[in-house]
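Presented below is the structure to which this report refers.
Values quoted throughout were computed directly from the atomic coordinates according to the rules given, and no laboratory measurement underlies them. None of these values were measured; they are calculated from a predicted model. Positions of Cβ are backbone-derived with ideal geometry, glycine not excepted, and every protein chain shown enters the neighbour counts.
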Amino acid sequence: MLLGCAAVLTGCNTKAEENHMTDKKVLVAYFSATGTTEKVAQKLQKATGADIFKIIPQQPYSADDLNWQNPDSRSSVEMKDKSSRPAISSKAENMPAYDVVFVGFPVWWYREPSIIDTFMESYDFSGKTVIPFATSGGSPIGNSGKNMQALAPDAKVFEGKCFSVTVSEDELKNWAKQWL
Ligand SMILES: Cc1cc2nc3c(=O)[nH]c(=O)nc-3n(C[C@H](O)[C@H](O)[C@H](O)COP(=O)(O)O)c2cc1C
């Protein structure tokens, strides 16, 4: 009998661990050109027990493409054109199933990179909660959330936050739990 109870309890614990913080279905989607945002995205995924999707450009960004000091570099040209929509190489599976989507990116020119705009226009986010998160060289996340909201009017897009690459899983968990 005692053993039976222990087995039941263990079963319960296992389920709680699998579910982590929530019964909501959560996705962490991110774009990272040089690996910084990826580190934060992976910690956020662990902290929330979410699924993860990497937004990979169809045409990878070379170092020259990322040169913000060159006004003619690919990133400079894309970011100057609000209608620019760089192609993404694959689609996230089963997007309709997610309730909460964290969207990560590096801040480029004080906002979300154009490929995030492509991502926001690639799915129906109606009724979903979308929370941007970012890394940067010091700039805040700016109007990224507002820009993303305009591209997914039927979603609830929050302002989001910029994190240091050294942010802890605990800190991310504390931040994320308000939506979970
Ligand atoms: C094209 C470009 C524009 C950038 N613009 C900004 C900016 O406006 N403010 C800022 O603090 N950092 C800026 N950065 C720095 C990145 O936001 C920062 O290095 C980020 O952590 C890189 O993330 P990743 O490794 O995931 O690509 C820019 C970087 C690039 C390549």
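Structure notes:
- Proxy reagent accessibility, fewest Cβ within 10 Å first, across V77, V167: V77, V167
- Spherically averaged projected area in nm², based on the convex hull that wraps the Cα atoms of the chain: 11.5
- Sorted by Cβ density within 10 Å, fewest first, the residues M95, M148: M95, M148
- Dipole magnitude for region 26-179: about 240 debye, using +1 per Lys or Arg Cβ and -1 per Asp or Glu Cβ, origin at the Cα centre.
- Helix-only mean residue ellipticity at 222 nm for the chain, each DSSP H run of n ≥ 4 adding -39500 (n - 2.57), per residue, nearest 500: -10000 deg cm²/dmol
- Taking each of K43/K91; K24/K128; K46/K173; K54/K177; K46/K177; K128/K173 in turn, the alpha-carbon distance tops 18 angstrom for K43/K91; K54/K177; K128/K173.
- Packing-based ranking, highest mean first, of 64-70, 32-38 given that Cβ atoms within 10 Å are counted: 32-38, 64-70
- Residues with amide H under 5 Å from that of F105, placed H, sequence gap 5 or more: F31, F133, A134, T135
- Compared with the dominant principal axis of the Cα atoms in the chain, helix 2-19 is inclined by about 10°.
- Against the chain, whose longest principal axis is taken from its Cα atoms, helix 36-48 shows a tilt of about 20°.
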